[in-house]
Amino acid sequence: MKFEDLNLEEDLQEGIDAIGFSNATPIQELAIPIILDNNDLIACAQTGTGKTAAYLLPILNKLVTEHGDYINTVIIAPTRELAKQVDQQLEGLAYFTNTSSIAIYGGGDGASWSREKKALNEGADVIIATPGKLISHLRQGFGDFTKLKHLILDEADRMLEMGFYEDIMEIISYFPKERQTLLFSATMPERIRKLANNILKEPKQVNIAISKPAEGVVQAAFLTYDDQKVELIKWLLQDDDVPSAVIFSSTKANVKKICSTLKKIGLKAEEIHSDLEQSEREEVLRGFKNQNYSILVATDIISRGIDIDSISLVINYDVPQDAEDYIHRIGRTARAESTGEGITFINEKDQFNFKKIEDLIGNEIRKVPLPKHLGEGPEYNPGRKGGKKKFGKGKFFKKKKKPYRNDNRNK
């Protein structure tokens with residue numbers, strides 16, 4: 001379906017055309033009419049499917065005629081990066097409309113706080129906020145939400161994983177009960193359904209591509225001991241000219257160690273994690289988008305909050321504890337119908353969690369032999385029938401060609 005078939009307001013359609021959007025994605029095609037009809041909605045769609053525009057477009061369409069000096073819509077996102085990303089996309093789509101918006105998230109200085117306070121008190125059409133920062137304003141009495149018409153929870157599953165359930169319920173207590181509520185989530189566990197039952201009224205439901213990696217991702221894994229991982233990264237990145245790569249680790253300490261090592265061998269890399277100030281994180285992401293350096297080493301802080309289509313390689317330095325986070329990590333590549341590679345390092349302790357990932361996506365991911373100079377890795381025994389599998393030496397290893405690239409796709 002083309003966007004022009006949705007009969008959106010002319011000013012909004014101009015913004016869509018200017019950005020270069022033409023055809024609606026499946027989540028957009030299904031969700032937009034439901035939202036335009038003023039229904040509450042539970043939408044389940046993974047990262048990279050166009051879900052942000054799926055809720056922004058119908059809300060902006062309404063704001064063309066509903067515009068006033070009051071807060072019309074509140075969008076709550078789990079991280080600063082995602083809040084900023086939503087705000088940037090809103091600005092692009094709403095360029096030819098008269099929509100006002102402000103992003104409210106942690107960090108910043110006194111000037112930012114004053115600007116946010118002014119927007120809340122004087123009224124902005126759309127407020128995009130992280131839970132903690134919004135609560136700080138609400139508890140001080142800032143903002144008149146009596147005329148609020150739309151509440152959107154983006155990445156709701158991530159917010160609950162981060163422990164924001166009570167914060168969300170407190171925030172909602174400040175809002176009128178008569179409103180349209182939209183809940184977007186990459187997964188739909190029981191706790192999300194509980195939240196939906198508490199805050200939505202007779203919602204419609206849309207489910208798109210639940211918990212599956214993008215079709216264009218070549219997936220592979222190496223069985224490694226921890227002391228082999230850094231050398232394996234160096235081998236992967238030095239052997240080929242990788243145009244853009246993201247390396248994920250679950251700990252800030254490993255992120256710092258990896259980045260330092262890569263810089264010492266002459267690779268252009270930067271790190272991003274919660275120890276950095278918001279302005280520093282924004283500068284790092286901006287530099288990565290501008291290709292000032294080709295390698296970004298990160299914690300899961302950006303696994304759902306970076307919108308760059310040209311990432312060709314994602315490396316999981318460790319296996320994420322939550323199988324769903326694997327989807328989001330490798331979802332940073334193969335976006336916008338492109339292709340990419342997702343590689344995971346599995347040590348002895350992570351094998352059971354990796355098996356849960358394979359169960360979730362419904363496929364066994366290829367285990368690739370380590371390069372010979374690193375020696376053998378651990379045996380593979382994730383606790384299932386069939387005994388141990390061992391990968392270290394093997395006929396699949398080739399010196400000049402990465403073994404996980406022998407075919408175009410490994411779902």
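Summary table below
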item: Those residues of the stretch 147-195 which are small (G, A, S) and over 21 Å from the mean Cα position of the chain (by Cα), in sequence order; result: S173
item: The stretch 346-356, residues that are touching a helix residue (DSSP H, G or I) at 6+ places or on another chain (Cβ under 8 Å) and crowded, with 24+ Cβ neighbours inside 10 Å; result: I346
item: Among the candidates G50, G68, residue that is at positive phi and surrounded by fewer than 23 Cβ atoms within 10 Å (Cβ to Cβ); result: G50
item: Hits in the stretch 357-374 (condition: among the charged types (D, E, K, R) and either surrounded by fewer than 16 Cβ atoms within 10 Å (Cβ to Cβ) or under 23 Å from L237 (Cα atoms) (or both)); result: D359, E364, R366, K367, K372
item: Scope the stretch 323-367; condition of a type in the set (A, V, I, L, M) and farther than 20 Å from S249 by Cβ; matching residues; result: A334, A336, L360, I361
item: Qualifying residues in the stretch 16-42 (those that are modelled with pLDDT under 90 and closer than 19 Å to F96 by Cα) - the one surrounded by the most Cβ atoms within 10 Å (Cβ to Cβ); result: F21
item: Among the candidates K356, K367, K389, K385, residue that is on the phi < 0 side of the Ramachandran plot, touching a Phe, Trp or Tyr at 6+ places or on another chain (Cβ under 6 Å) and either outside the structural domain of I311 (by TED's automatic domain parsing) or at pLDDT below 90 (or both); result: K389
item: Condition broken by T146, with the remaining ones in (1) crowded, with 20+ Cβ neighbours inside 10 Å; (2) touching a Pro at 6+ places or on another chain (Cβ under 7 Å); (3) more than 23 Å from C44 (Cβ to Cβ) satisfied; result: (1)
item: Tabulated pairs, the stretch 66-90, first touching a residue at least 24 places away in the same chain (Cβ under 8 Å) and under 18 Å from G163 (Cα atoms), second aliphatic (A, V, I, L, M) and assigned to a loop (DSSP other than H, G, I, E, B), C-beta under 6 angstrom, 6+ apart or interchain; result: P78/M162; A83/A77
item: Qualifying residue in the stretch 190-213 (condition: touching a Lys or Arg at 6+ places or on another chain (Cβ under 6 Å) and either farther than 30 Å from M159 by Cβ or crowded, with 20+ Cβ neighbours inside 10 Å (or both)); result: no
item: In the stretch 43-68, the residues that are in a strand (DSSP E or B) and at pLDDT 85 or above; result: A43, C44
item: Contacts under 7 angstrom Cβ, first residue in the stretch 95-106 being over 17 Å from V74 (Cα atoms), partner basic (K, R), 6 or more apart; result: none
item: Residue under evaluation G375, criteria (1) modelled with pLDDT of 90 or more; (2) touching a Lys or Arg at 6+ places or on another chain (Cβ under 8 Å), criterion not met; result: (2)
item: Residue check for T49: polar (S, T, N, Q), in contact with a helix residue (DSSP H, G or I) (Cβ under 6 Å, 6 or more places away or on another chain) and farther than 23 Å from L148 by Cβ; result: yes
item: Test: A156 is closer than 19 Å to T79 by Cα and in contact with a helix residue (DSSP H, G or I) (Cβ under 9 Å, 6 or more places away or on another chain); result: yes
item: Flag if L120 is crowded, with 22+ Cβ neighbours inside 10 Å and touching a His at 6+ places or on another chain (Cβ under 7 Å); result: yes
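The values are calculated or read from the model by the stated rules, or taken from the named source; none is laboratory data. None of these values were measured; they are calculated from a predicted model. Quick reminder, even Gly has a Cβ in these numbers, built from the backbone with ideal geometry, and neighbours come from all protein chains shown.
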